[in-house]
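Below is one structure, written out as structure tokens; comments come after it.
None of the figures in this text is laboratory data; all of them are computed from the coordinates on show. Given the structure is predicted, the values throughout are model-derived calculations rather than measurements. Glycine gets a Cβ as well: all are built from the backbone with ideal geometry, and neighbour counts include every protein chain shown.
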Amino acid sequence: MNKVLFSSISKKFMMALAGLFLLTFLPVHLIINLMLLKSDPEPFNEAAHFMATFPLVKIMEVALIGAILIHIGWGIFLQIQNWLARPVGYVSGNKSETSFFSRFMIWTGASVFTFLVLHFFNFYFVKLGLVAGNPEDFYSLAHNLFKIPAYNYIYLVCFSLLGFHLYHAFSSAFQTLGLNHRLWTPVVKVVALIYAIVLPSGFAFISITLWLFR
């Protein structure tokens, strides 16, 4: 029993660390994507080229992909473990005390994963030469994608669900790492709420602007 408990705690700890690392990447990605709003494609293409070629960034890229795999892998494993441990639904009047966000994390996470697969095919695999496209002109590639209504619908839905995922993930990661505090925990929850609203809103703003006004 202790071995199983330790294993579960270890996986949650690793998933929390990987999630926090991923949280640091999103603001950088948003700042670069805001360059898509410029009429001049050079700033965005130069930033994309730098991110694709600078050695330190390439090392961070490997760490980022590793963090994604760890976060998704452990998340799926733990969710299946929870389902197997509680195969029968709660009877009426004996509902789980877990929050709405916690109960639906696996589904919001699945939507984010779906978008990541789409994003990899549209950009990362182009960079690797596995998918047709010009890796030196991601600006035009992005603008062409945002002209497709279906792409924007998927983009906006996934980033809306990402907001829900981020809100719970941000605060629960600190709890998993044992960083709860009477004074700081409320602050973390406020920061989590701001982060979960501002980041997806920024990406949504880019999508809507390029789709409807460019």
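Annotations
- Residues that are over 22 Å from the mean Cα position of the chain (by Cα) and either of a type in the set (Val, Ile, Thr) or surrounded by 17 or more Cβ atoms within 10 Å (Cβ to Cβ) (or both) within segment 42-73 comprise 45, 53, listed in sequence order.
- Tally, over segment 112-137, of residues that are more than 16 Å from residue 61 (Cα to Cα) and either basic (Lys, Arg) or in contact with a Lys or Arg (Cβ under 8 Å, 6 or more places away or on another chain) (or both): 1
- With respect to the conditions (1) in a helix (DSSP H, G or I); (2) in contact (Cβ under 8 Å) with a residue 60 or more places away in the chain, residue 155 lacks only one, and its number is (2).
- Hits in segment 166-181 - residues which are over 30 Å from residue 214 (Cα atoms) and either assigned to a helix (DSSP H, G or I) or aromatic (Phe, Trp, Tyr) (or both): 167, 168, 169, 170, 171, 172, 173, 174, 175, 176
- Counting only residues that are in a helix (DSSP H, G or I) and either in contact (Cβ under 8 Å) with a residue 40 or more places away in the chain or basic (Lys, Arg) (or both), segment 182-214 holds 13 of them.
- Scan of segment 165-179 for residues that are more than 17 Å from residue 14 (Cβ to Cβ) and either surrounded by fewer than 19 Cβ atoms within 10 Å (Cβ to Cβ) or touching a Pro at 6+ places or on another chain (Cβ under 9 Å) (or both), ordered by number: 166
- Count of residues meeting criterion [crowded, with 16+ Cβ neighbours inside 10 Å and either free of Cβ contacts under 8 Å to residues at least 12 places away in the same chain or hydroxyl-bearing (Ser, Thr, Tyr) (or both)] in segment 125-152: 3
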